[in-house]
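Just so you know, all these numbers are worked out from the coordinates, no wet-lab data involved. Keep in mind that this is a model prediction, so the values were computed, not measured. Positions of Cβ are generated from backbone atoms using ideal geometry, with glycine treated the same way; all protein chains shown enter the neighbour counts.
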Amino acid sequence: MSTEPGLRMTPQRKVILQALRKLRTHPSADEIYAVVRKRLPRISLGTVYRNLEILSELGEIQKIESGGALRRFDGNPENHYHIRCTCCGKVVDAPFAVMPHMEEKIDGATGFVVFGHHLEFLGLCPECREKPISPGLRRLTR
Ligand code: ZN
Ligand code: MN
């Protein structure tokens, strides 16, 4: 955890952190902004973005980034796995613990020093799997 002066827990930052910790939906910055604005009506979206970056650097939250998809945030800083809906972008926690033995295996096999890993499953959420979809996609998901 950094001790740089800019990275202390300010009151604004605390409100953002508390809001994110309460949400289980892995919200985007816009969604967090909408919640935080109820308590801090004068806060700007830019300030929310900046504070989310800092909270992530502090290790208090996680950024969920996956190629091209909307960036989402997670109030749970511990490593855990997600499943993402490729149709609507919803992100849900996987119902099992991380698998640390995978890191031992890959560092033995590649000679890398392994710091960690992220794992994301892809699929269609319960709502999206009921939507009428193109024949091509239906073929893929049947
Ligand atoms: Zn969906
Ligand atoms: Mn999560």
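In table form, for the structure just shown:
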{"item": "Strands (runs of 3 or more DSSP E) lying entirely in the stretch 34-137 (those with 2 or more residues that are surrounded by fewer than 12 Cβ atoms within 10 Å (Cβ to Cβ), within 16 Å of ligand 1 (Cβ to nearest atom) and in contact (Cβ under 8 Å) with a residue 24 or more places away in the chain)", "result": "120-123"}
{"item": "Residue list for the stretch 36-59, filter: within 17 Å of Arg8 (Cβ to Cβ) and among the basic types (Lys, Arg)", "result": "Arg50"}
{"item": "The one condition in (1) closer than 29 Å to Glu130 by Cα; (2) within 12 Å of the chain's Cα centre (by Cα) that Leu20 fails to fulfil", "result": "(1)"}
{"item": "Single unsatisfied condition, Arg24 versus (1) loosely packed, with under 14 Cβ neighbours inside 10 Å; (2) away from ligand 2 (no atom under 14 Å from the Cβ)", "result": "(2)"}
